[in-house]
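One structure is given below, encoded as structure tokens.
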Amino acid sequence: MDRHRLATVGMCAVLLVLAGGLRFYRLGAAPFHVDELATQAEVDVLMRGFRDADDTQISRLPRLIPLSHLVHALGYQCFGTDEFGSRVMMAILGTLSPLLIFLGLPASLGRAQSFIAALLVALWPEHIYYSQDNRFYITSHLVASLCMVAGAQAIARRSLPWAIGTGVLGVAAVFTHIVLILLLAGFLAAVLVTACVARDRALLPTLGVGVVCALVVAAIFLGYQRPVLGQWNAGPLITYTSLRGLGNSLFHLGWPIAVLAGFGSVLALMHRDEQDCYWLVWASFWAGSAVIMPYLVPYTPNYNFPLAFGFIILAAKGIHRVYHALMPQSRVAAIAWVALACLLNFPSLVSHYVDGSCSNYREAAHCVRSRMQPSDALFAAAVDLMQYYLPEGPTPEAMPPYAPERAIASLRQRLDTYDRVWVVFSYGRATPPHALLQWLRANGTHELGWCLTRFDSFQYTTDVFLLTRRR
């Protein structure tokens, strides 16, 4: 084996060990949170057949994106449905992501820049979070990233088979996350801009394949998915403006990556070769979707995560440029710079393992269980999580912490019937429900405030209050 192949094999081994170690470390330590139990319910709907499904979001989502839920179903069958087993398949896909990215990019970006991009993904806290989350986001991110990588190959090689592969991945992506109906539109924009810059008609077949596949996606959405969507997420949600949506997406991307991507964008604009234009369009598409989507759908920042790979490539470009400049002076300094740049998100990475980047209804259930009386009532922001961790308790009633007037009215009503009412809810540093917290502190006792110290700007709090009827 020659030195070049040996070095490539060594890089692959480093990526597998690093990505796998980070994604399987403490994989089952964090309790279920957010929509993880909903995923299990959705897979159950998928496996028992849609004809028996009712008209709820739990039954509609696996009909919209069956490919993602089939991946989860395979994982449950092989590894189980507890906190560890249900997340194993996502950890496997998250581990493979950096390796597949590295193997797919050298022909278009070169081996060094491809390795840096894969290393950024391997160490990216947000990617690790979703790789340890029993939800479909890592599946959709992998398919979307591979679609972008295949498109880069199609342009670099002027290859019709690679263009067809890109189109197939773009169509498949629609069945992993509904937001990825935008994916082939991004590919068309990227190819069109690149073709204009290159002034090369050899890219027209690639553009034609993209148009055909985009029409297929449009037909799938209009003929099948849109009728199933209904009033999706019509309930009360946190409202995002365009500015807040973009800022929150950058926040989750990580400011070090965002700054490095800004540097890479400047370099790409100065150089403006085909690959620079291609990845600039993808980065712009990610930013544009964060700005526009809040006006089109009930938006949360995790919807934008699968489209973020273009920013990673631009960050890798910025790191690689400095590496290339340092290499003639000192090989050690160049390698040290790459390691330092890829580890700038290290405080967030360590912080993720502190609390799993999630709330803790398991600890809240333990608190309630130790003092619960048979006649108590229970309210929870996440009813399914409370039922899962406190099956022997009273049936929880839903309490919307961000609709304080409605929540307080419900609590007062129950206090007319019950002597004691437990209240359990969680929130982040950016979105504390101030009005509800103020009322609960004035009218009840604070039994638990679960919040572990992190080294970054994120924070996850789970509160338990006990309200007692005044006689």
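The values are calculated or read from the model by the stated rules, or taken from the named source; none is laboratory data. Since the model is a prediction, treat every value here as computed from it, not as a measurement. Every residue, glycine among them, receives a Cβ derived from its backbone with ideal geometry; neighbour counts consider all protein chains shown. For accessibility, only protein heavy atoms count, side chains too; no ligands or nucleic acids. Shrake-Rupley method; radii C 1.70, N 1.55, O 1.52, S 1.80 Å.
Under 6 Å between Cβ atoms, at least 6 apart or on separate chains: pull out the pairs that start in the range 154-174 with a residue that is among the aromatic types (Phe, Trp, Tyr) and end on any residue that is open to solvent by less than 30 Å² (accessible area, probe 1.4 Å).
Final answer for the pair search is Trp162/Ala150; Trp162/Gln153; Trp162/Ala154.
Might you check whether a residue that is open to solvent by less than 50 Å² (accessible area, probe 1.4 Å), assigned to a loop (DSSP other than H, G, I, E, B) and at pLDDT 80 or above occurs anywhere in the range 241-258?
Yes, the range 241-258 contains a residue that is open to solvent by less than 50 Å² (accessible area, probe 1.4 Å), assigned to a loop (DSSP other than H, G, I, E, B) and at pLDDT 80 or above.
Restricting attention to the range 140-177, which residues are assigned to a helix (DSSP H, G or I), in contact with a Pro (Cβ under 6 Å, 6 or more places away or on another chain) and either surrounded by 24 or more Cβ atoms within 10 Å (Cβ to Cβ) or not hydrophobic (A, V, I, L, M, F, W, C) (or both)?
Ser140, His141, Ala144
Out of (1) at pLDDT 95 or above; (2) more than 27 Å from Pro298 (Cβ to Cβ), what's the single condition that is false for Trp282?
Unmet for Trp282, out of (1) at pLDDT 95 or above; (2) more than 27 Å from Pro298 (Cβ to Cβ): (2).
When you scan the range 395-412, do you find a residue that is within 24 Å of Ser457 (Cα to Cα) and touching a residue at least 24 places away in the same chain (Cβ under 8 Å), even just one?
The answer is yes, given that some residue of the range 395-412 is within 24 Å of Ser457 (Cα to Cα) and touching a residue at least 24 places away in the same chain (Cβ under 8 Å).
Taking interchain pairs and intrachain pairs at least six residues apart, which have beta carbon atoms under 9 angstrom, with the first residue in the range 436-451 and more than 12 Å from Pro401 (Cα to Cα) and the second outside any strand (DSSP E or B) and acidic (Asp, Glu)?
Cβ pairs passing all conditions: Leu448/Glu363; Trp450/Asp355; Trp450/Glu363; Cys451/Asp355.
Between a residue in the range 267-284 that is within 9 Å of Lys317 (Cβ to Cβ) and any residue that is of a type in the set (Val, Ile, Thr) and at pLDDT 95 or above, which pairs come within a Cβ distance under 6 Å, given they are 6 or more apart or on different chains?
Trp279/Ile313
Could you please find all residues in the range 71-116 being over 24 Å from Ala163 (Cβ atoms), crowded, with 17+ Cβ neighbours inside 10 Å and of a type in the set (A, V, I, L, M)?
Val71, Ala73, Val88, Met89, Met90, Ala91, Ile92, Leu93, Ala112, Ile116
Can you work out which of the residues in the range 401-416 that are of a type outside the set (A, V, I, L, M) and more than 33 Å from the chain's Cα centre (by Cα) is modelled with the lowest pLDDT?
In this case the residue turns out to be Asp416.
Starting from the range 205-228, keep only residues that are within 17 Å of Leu192 (Cβ to Cβ), then list their pairs with residues that are among the polar types (S, T, N, Q) and not in a helix (DSSP H, G or I) whose Cβ atoms are within a distance under 9 Å, requiring at least 6 positions of separation or different chains.
Thr206/Ser159
Just to verify a result, which residue in the range 42-70, among those that are touching a residue at least 40 places away in the same chain (Cβ under 8 Å) and open to solvent by 10 Å² or more (accessible area, probe 1.4 Å), is farthest from Gln132 (Cα to Cα)?
Residue satisfying both the conditions and the ranking: Asp55.
Looking at Ala29, Ala38, Ala7, which is the one that is part of a helix (DSSP H, G or I) and within 30 Å of Thr462 (Cα to Cα)?
Going through Ala29, Ala38, Ala7 in turn, just one is part of a helix (DSSP H, G or I) and within 30 Å of Thr462 (Cα to Cα): Ala38.
For the list (1) under 24 Å from Ile138 (Cβ atoms); (2) in a helix (DSSP H, G or I); (3) open to solvent by 10 Å² or more (accessible area, probe 1.4 Å); (4) of a type in the set (A, V, I, L, M, F, W, C), I need the number of the one condition that Leu180 fails.
Going through the list (1) under 24 Å from Ile138 (Cβ atoms); (2) in a helix (DSSP H, G or I); (3) open to solvent by 10 Å² or more (accessible area, probe 1.4 Å); (4) of a type in the set (A, V, I, L, M, F, W, C), Leu180 breaks only (3).
Of the residues Tyr137, Tyr129, which single one is open to solvent by 30 Å² or more (accessible area, probe 1.4 Å) and within 15 Å of the chain's Cα centre (by Cα)?
None of the other options fit; the residue is Tyr129.
Over 25 Å from Pro294 (Cα atoms) and out of contact with any Cys (no Cβ under 8 Å at 6 or more places or on another chain): is that true of Gly186 in this structure?
So Gly186 does not fit the description; no.
Across the range 412-471, which residue is least open to solvent (accessible area, probe 1.4 Å) among those that are among the basic types (Lys, Arg) and either farther than 19 Å from Ala364 by Cβ or part of a loop (DSSP other than H, G, I, E, B) (or both)?
Arg454
Is it the case that the range 25-36 has a residue that's open to solvent by 80 Å² or more (accessible area, probe 1.4 Å), among the aromatic types (Phe, Trp, Tyr), in contact with a helix residue (DSSP H, G or I) (Cβ under 8 Å, 6 or more places away or on another chain) and at pLDDT 95 or above?
There is at least one residue in the range 25-36 that is open to solvent by 80 Å² or more (accessible area, probe 1.4 Å), among the aromatic types (Phe, Trp, Tyr), in contact with a helix residue (DSSP H, G or I) (Cβ under 8 Å, 6 or more places away or on another chain) and at pLDDT 95 or above.
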